[in-house]
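The values are calculated or read from the model by the stated rules, or taken from the named source; none is laboratory data. Please read these numbers as outputs of a predicted model, since none were measured by experiment. Cβ sites come from the backbone with ideal geometry, for glycine too, and all protein chains shown count toward neighbours. Calculation scope for accessible area: heavy atoms of the full protein, side chains included, ligands and nucleic acids excluded. Shrake-Rupley method; radii C 1.70, N 1.55, O 1.52, S 1.80 Å.
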Amino acid sequence: MDKGRLEAFSDGVFAIIITIMVLELRVPHGADIKVLLPLAPVFLSYILSFVYIGIYWNNHHHTMQVVTSVNGAILWANMHLLFWLSLIPFVTAWMGENHFSQWPVTCYGIVLIMNALSYTILIIALIRHHGKNSLLAKAVGKDWKGNISLVIYATAIAVSWINSKISFCLYVIVAIIWFIPDKRIEKVLIEPESKSK
């Protein structure tokens, strides 16, 4: 099957998720700058989640550049990823509104780790479909960034029972790890071109 429909649908869902998140930002009553201070946790949550959605969109886009087709398993794996991504606006708003309290921060972490796992499932389905010698398989390799992210998420979820602010900082660390551009896919796309010259 052609991958175009999957890409178009996914892009639409990413756009809707960002739209829902921004609509959760409520305009404060009053014109004084001080009225913005109580909204700081909400805005911080929004920024972090916006970065996460951007990271997933960016990686999804790069991944689709090295695949040629999809099958039913890939379509369902992609829907699984989109389901967990669609929960980000809810946990983002809950965490921000409650000033990084334990349960909202714990649930935010659970949604993040499920996003990471569902993205891993999507990658596995794509590699099975395209083969172990495919460009994607070569690009992903041992996926140390993905594995370390899962460990940090699990740690953050456990730590949230002791100090939810530390958990939030751990979520920020994972975002920083992924915010640094991942060149793995770009490298495998450039290699065939450089060899042909």
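For Asn71, what charge total do you get from the other residues with a beta carbon under 14 Å from its beta carbon, if Lys and Arg give +1 and Asp and Glu give -1?
Details: positive: Lys3, Arg5, Arg128; negative: Asp2.
Once positives and negatives cancel, what remains is +2.
Per residue, how much accessible area does the chain have with a 1.4 Å probe, in Å²?
Numbers: 11050 Å² over 197 residues.
Each residue of the chain exposes 56 Å² on average to a 1.4 Å probe.
How high is the FRET efficiency between Asn163 and Val22 when r is their beta carbon distance and R₀ equals 35 Å, given to the nearest 0.05?
Working: r = 29 Å, r/R0 = 0.83.
Once rounded, the FRET efficiency stands at 0.75.
What order do you get for 18-28, 3-13, 167-177 when each peptide is scored by the mean count of other beta carbon atoms within 10 Å, highest first? The partial results should precede the final answer.
Details: 18-28: 13.1, 3-13: 14.7, 167-177: 18.4.
Sorting 18-28, 3-13, 167-177 by mean packing, highest first, produces 167-177, 3-13, 18-28.
Would you mind telling me the share, in percent, of accessible area of the chain contributed by carbon and sulfur at probe 1.4 angstrom?
Numbers: 7770 of 11050 Å².
Using a 1.4 Å probe with all protein chains present, the chain comes out at 70 percent carbon and sulfur.
For Lys165, what accessible surface area do you get with a 1.4 Å probe? Give it in Å², rounded to 10.
Accessible area, nearest 10 Å²: 110 Å².
By how many nm would the segment from Leu189 to Ala15 grow when fully extended, if each residue of separation counts as 0.36 nm and the alpha-carbon distance is taken off?
Numbers: separation 174, 0.36 × 174 = 62.64 nm, distance 2.66 nm.
Contour length minus the Cα-Cα distance gives 60.0 nm.
For the chain: lysine pairs with Cα atoms under 13 Å, gap of 8 or more or different chains, count? Write out the running numbers ahead of the final one.
Details: Lys132/Lys142; Lys138/Lys183; Lys138/Lys187; Lys145/Lys183; Lys187/Lys195.
Lysine pair count for the chain: 5.
Label point 7 Å out from Val151 along Cα-to-Cβ: which residues of region 98-128 have amide N under 17 Å?
113, 117
Looking at (i) 18.4, 63; (ii) 15.6, 50; (iii) 23.7, 98, which value of Rg and Dmax of the Cα atoms in Å comes from a calculation on the structure shown?
Of the labelled values, this structure produces (i).
For a Förster distance of 41 Å, can you work out the FRET efficiency between the beta-carbons of Ala40 and Asn71, rounded to the nearest 0.05?
Details: r = 46 Å, r/R0 = 1.12.
Efficiency, from the Cβ-Cβ distance: 0.35.
Please list His129, His99 from largest to smallest accessible area, probe radius 1.4 Å, with all protein chains kept in place. Walk me through the numbers on the way to the answer.
On the way: His129 70, His99 90 Å².
Most to least solvent-accessible, the answer reads His99, His129.
With a 1.4 Å probe and all protein chains kept in place, how do Asp143, Asp2 rank by accessible area, largest first? Could you put the intermediate results ahead of the total?
Values: Asp143 35, Asp2 115 Å².
The ordering from most to least exposed comes out as Asp2, Asp143.
What figure, in Å² to the nearest 10, do you get for the accessible area of Arg184 with a 1.4 Å probe and non-protein molecules left out?
60 Å²
May I ask you to evaluate 6.51 cos²θ - 1.76 cosθ + 1.60, the Karplus curve with θ = phi - 60°, for each residue of region 76-90 and list the ³J(HN,Hα) values in order in whole Hz, giving x for glycine and proline?
5, 5, 5, 5, 4, 4, 5, 4, 5, 4, 5, 7, 4, x, 5
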